[in-house]
Each structure stands twice: as C-alpha cells, then as structure tokens.
Amino acid sequence: MSFQKLDQLGHKLEALEHALAILGADEATHMAVGGGEKRAEAMSSLAGMLHAQATAPEIGDWIAAEAEQLGEEQQAAVRELRRQYTNLTCLPVEFVERQTVARMRSEQLWRSLRARNDWAGFLPALEGVMALVREEAALRADALGLAPYDALMEQYDPGNRAADITPVFAELKAFLKDFLPRALAAQETRLARHPLKPLSGSYAVDRQRELGLAMMAAVGFDLTHGSLSVSHHPFCGGVPTDVRITTRYKTSDFLSALMGVLHETGHALYEQNLPKAWSHWPLGKARGMAVHESQSLFVEKQIGRNPAFWRWALPVVERHLGEAWSLDDILPHVHHVERGLIRVDADEVTYPLHVILRYELEQELVSGRLEVADLPEAWDARMRDYLDLSTIDNPADGPMQDVHWPSAAFGYFPSYTLGAMMAAQQWAALTREHPSADDDLAKGDFSSINGWRRDRIWSQGSRWSTPELLERATGEKLNASYFTEHLRKRYGG
C-alpha cells in the first residue's frame, strides 16, 4: 500500500518539477526583461511547495513501512527514493534559508565585482559562503556516513569518492603536463606543412540554425519532443518530453554554435531516452552530473570532433552554409589546442587541468587546510605549474572566473573531467563491440552507436551508482588510459 502512496506522490512531484523546468527554460530564452521579478516569485513559491512535499515526514514512514513483496525494479525505485529523501532532509530548514540568502547575495556581488576584477570587495562574501559550505559538508557527512567532501560530491554523482578519483586524476595530470607541450609542438609542425585556412566569417544565424537542427535530427534528437533556441549561455533544460536546448551564434564562426549544439544534444539524447515508466520516480531520472557530462561530451568530442564524422558532415555544412571545406582544412579548427586562463574556452587537452586545479583547491577549502583569503596565490601557483600561465594580478580570470563557488556548488567540478574520461571509456567499449563505428559515422548512420548507449546508459536511469553504471556499461572501473590514449591518437602528431 505504501508503494502506491509513494507512486502517487511521485506524480505530484513530477508535475511541480515539470512546471519549474519549463518556467526556468523560458526565463533564460523568451521572457521579457520586465518579467523577472514576478517570475522569481512564482518559481520560488513552486520550489517551496516542491521541497515541502518531497521532504514530508510521512514519506520516511512510507519508505520504512515498505514491506510488500516488491519486484527488483520496485526495490531499486524505493532504494533510490530513500537516498534522495535522506539527502533532502539532512539539512535543517533554518540552514537552507541562511545558505540561500548568502548564496544569492554572493552571486549578485560576483557578477558586478568580477567585471571590475575586485577580489578584495568579493572576499567577505565568498568567506561567508565558504563557512556555510563547511557547515553543509559536516551536516551531510553526519547524515550519510561519509567524509565531508565525499558528502558534497554525492549530491552531483552518487557513489563517487575522492579516494577513487584522486589517483585517477593524478595519473591524468602527470600525463597531461608532459603531453601538452608535445601536442602544441605537433600542431605547429602540422600548421607549418599545411597553413590554417581561415573561416570566411560570414555565417548568417538562420543558416547556422538550420545546420544545427539538421545535425540534431541526424544524431538522433527527437524534434517532436524538444526544440532549439538562443540564450546567453548554451544549456539543456526542460523535461524529457519537452527538452529545451539552446546555443549562441557568432556570424564570424560556425563551429562555435555547432559544437555547442552537439554538446547540448548529447544531454538531450540522454533525457529523451530515460525509462518513461519511471519518469515520476528518482529511478527514472538521469544518474548524475558526470554521467550527463559523459553523454554530452560523447556527442561533442567522441563523435563531433572525430575525423570520420566530418567525412559525412562536410557536405551537410556545404549544403547549409554554401562553403566547401576539405577534411585537411577543417580538422585544424576542430582539433585546435591552446593554453588559456578560462576553463569554459579550453580544448580537450587543457580542459582537465583546469578541472583538476579546482578539484584540488576545493578539497583544501572544504577541509580548512586553505583559507579563502589565500586562494589567489594558491590558484596562481597551480596555474603556473599545470599550464605555465599566471593569474596573480588577474583574479577575475583566476578564482573569480566561475559561478560555482560563489553559488556554493562545491563537489561539482570533478564531474566535468570524469565525464570526459567516461565518454572515452564508453567509446572504447562500444568500438570493441561495433568495430564499424567509424564507418557508420562517415555514412551519417548513428543507429548502432545510439543503440549501444540506450541499452547501457540511457535506459538504466538511476538504478546504479555512477561507478557501478560505468563498470556495467564498459566492463571495468574508471580507467584513465582510455582518455589519455584518445588524446594521444588525436593530438599527438
């Protein structure tokens, strides 16, 4: 009987989640500027209702009383609901309110002060957020029986533990510090032999949009259950039956928007192919941020930057943009490597170093080994070591560059690089089973690639923890060698 009550509750929660997701996507794309205040009120009320219903005390009783003979899938559904309920109820309401106010204030300050490169002005706000993050980590650790930093990571990637991730990241970091100078030298040699053909820089937005839609449909996006819009920052939002993806266009560069579209399509394919029968239970949701990122990076990097893909894509680009490219001319743009200060602009080779730097620093911040006031020096030291660049007089492009820390999102950063590594490991497992994957790409045939991903990842929802899902899909635990081999093959000269 209690399973039935939980099932009914799930439908109510799903309806509120649906409304919030669509209102949020609309706010970022179509809402008139003057609509902000009332939209914030409406979303705040709905979020309050959702939280109150999802944390109601009787849910704990229903979960505890669940003694009926449940099937394996129902047991998995209750298990995942219990995990979510514990995570939602382990923070006192008074704490959540304090943290929400501090976080919103800090984010607003960050927006104005980052533009002015004003670290001193921002420092007190970030110190306030950090004190609350340490408090949150202790509360969660206590409720979950985990180490404080692991308890924060658990919110984004259930099952991930620093003890497992740190050695894998250490191996990757050692490889990248040695490999990056060699990849840059190989790139220079290639460009000396075959100079870069510049982009023409005249790409009308409507033509780029049509190209994006054609690519989305070809890769497997269901246009009857999703759409493409424009926003300041590309994202994938909405709900599985109505996925909203966005990009932003530069008329000077068609690759920027196209890669953004492919990345967000990767997220969307995951959402559109989750188990529909369980959509109103946590079991039917995407597993977590690293798995989600592995799906978007799979489409953007394993497929979208694969030379085989471009054999098929170049005629499609020519049809839409009226510009003919050879494989030798386009690949230097698609595979460009460059040291830079900004994580979101980084390429496949340098990006993980940006993430590992943040992963190391935030563990020190959470544990109290590093104070916020000392962050610019600590950041600069690692930036010099990993990328041979300095940010000491430029905190805006150093510890102030991301919104994550001002908004109290600690434990999130590792997901990005874990996603890239998982994508490479999934591609390796897939190509062992389907040796013709590259030939399929060259023909624009994504069916067996998507079939493998549907079976191993998408249809599994949240049945397994992040590490279990990867191991079941690929036959082994997270292994850095697939990603390093992928980089060596693509960028090593």
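The values are calculated or read from the model by the stated rules, or taken from the named source; none is laboratory data. This structure is a prediction, so every number in the text was calculated from the model and none was measured. When we count neighbours, we look across all protein chains shown, and the Cβ atoms used for this are built from the backbone with ideal geometry, even at glycine.
Going by what's in this entry, would Thr431 be described as of a type in the set (Val, Ile, Thr), in a helix (DSSP H, G or I), without any contact (Cβ under 8 Å) to a residue 12 or more places away in the chain and in the same structural domain as Asn160 (by TED's automatic domain parsing)? Break it down into steps so the answer makes sense when it comes.
Numbers: of a type in the set (Val, Ile, Thr): yes; in a helix (DSSP H, G or I): yes; without any contact (Cβ under 8 Å) to a residue 12 or more places away in the chain: yes; in the same structural domain as Asn160 (by TED's automatic domain parsing): yes.
So Thr431 fits the description; yes.
The single condition from (1) part of a loop (DSSP other than H, G, I, E, B); (2) surrounded by 18 or more Cβ atoms within 10 Å (Cβ to Cβ) that Trp379 fails is (1). All of Val33, Val78, Val101, Val93 fail the test of being β-branched (Val, Ile, Thr), surrounded by 15 or more Cβ atoms within 10 Å (Cβ to Cβ) and either out of contact with any strand residue (DSSP E or B) (no Cβ under 8 Å at 6 or more places or on another chain) or outside the structural domain of Leu9 (by TED's automatic domain parsing) (or both), apart from Val78.
Can you confirm whether the stretch 153-162 contains a residue that is in the same structural domain as Gly411 (by TED's automatic domain parsing) and of a type in the set (Lys, Arg)?
Yes, because at least one residue in the stretch 153-162 is in the same structural domain as Gly411 (by TED's automatic domain parsing) and of a type in the set (Lys, Arg).
In this structure, is Tyr412 outside any loop (DSSP other than H, G, I, E, B) and of a type outside the set (A, V, I, L, M, F, W, C)? Judged against the criteria, Tyr412 is not a match.
In the stretch 363-383, the qualifying residues are those that are in contact (Cβ under 8 Å) with a residue 60 or more places away in the chain and within 23 Å of the chain's Cα centre (by Cα), and the one that is nearest to Gly398 (Cα to Cα) is Leu365. Residues that are crowded, with 17+ Cβ neighbours inside 10 Å, in contact (Cβ under 8 Å) with a residue 12 or more places away in the chain and among the β-branched types (Val, Ile, Thr) occur at least once in the stretch 63-71. The listed residues are Ser390, Ser407, Ser415, and the only one of them that is over 24 Å from Ser294 (Cβ atoms) and either of a type in the set (Ser, Thr, Tyr) or out of contact with any helix residue (DSSP H, G or I) (no Cβ under 9 Å at 6 or more places or on another chain) (or both) turns out to be Ser390.
Is it the case that some residue within the stretch 391-409 is under 30 Å from Arg114 (Cβ atoms), small (Gly, Ala, Ser) and out of contact with any Lys or Arg (no Cβ under 8 Å at 6 or more places or on another chain)?
yes
The set of residues from the stretch 309-359 being assigned to a helix (DSSP H, G or I) and over 25 Å from Gly201 (Cβ atoms) comprises Arg343, Tyr351, Pro352, Leu353, His354, Val355, Ile356, Leu357, Arg358, Tyr359.
Restricting attention to the stretch 387-402, does a residue exist that is closer than 29 Å to Glu97 by Cα, among the charged types (D, E, K, R), more than 22 Å from the chain's Cα centre (by Cα) and not in a helix (DSSP H, G or I)? Checked the stretch 387-402: no residue is closer than 29 Å to Glu97 by Cα, among the charged types (D, E, K, R), more than 22 Å from the chain's Cα centre (by Cα) and not in a helix (DSSP H, G or I). Put simply, of Glu72, Glu94, Glu127, Glu107 the only residue that is of a type in the set (Asp, Glu) and in contact with a helix residue (DSSP H, G or I) (Cβ under 6 Å, 6 or more places away or on another chain) is Glu127.
Is it the case that Leu144 is touching a Gly at 6+ places or on another chain (Cβ under 8 Å) and closer than 28 Å to Trp405 by Cβ? Spelling it out, it is not the case that Leu144 is touching a Gly at 6+ places or on another chain (Cβ under 8 Å) and closer than 28 Å to Trp405 by Cβ.
Can you find even one residue in the stretch 298-320 that is among the basic types (Lys, Arg), touching a helix residue (DSSP H, G or I) at 6+ places or on another chain (Cβ under 6 Å), closer than 21 Å to Met216 by Cβ and outside the structural domain of Ala19 (by TED's automatic domain parsing)?
yes
All conditions but one from (1) under 19 Å from the mean Cα position of the chain (by Cα); (2) assigned to a loop (DSSP other than H, G, I, E, B); (3) surrounded by 15 or more Cβ atoms within 10 Å (Cβ to Cβ) apply to His233; the one that does not is (3). Confirm whether Gln99 is touching an Asp or Glu at 6+ places or on another chain (Cβ under 8 Å), within 16 Å of Ala408 (Cα to Cα) and either modelled with pLDDT under 95 or charged (D, E, K, R) (or both). Yes: the conditions hold for Gln99. Only a single criterion out of (1) part of a helix (DSSP H, G or I); (2) free of Cβ contacts under 8 Å to residues at least 40 places away in the same chain; (3) more than 22 Å from Met421 (Cα to Cα) is not satisfied by Leu255, namely (2).
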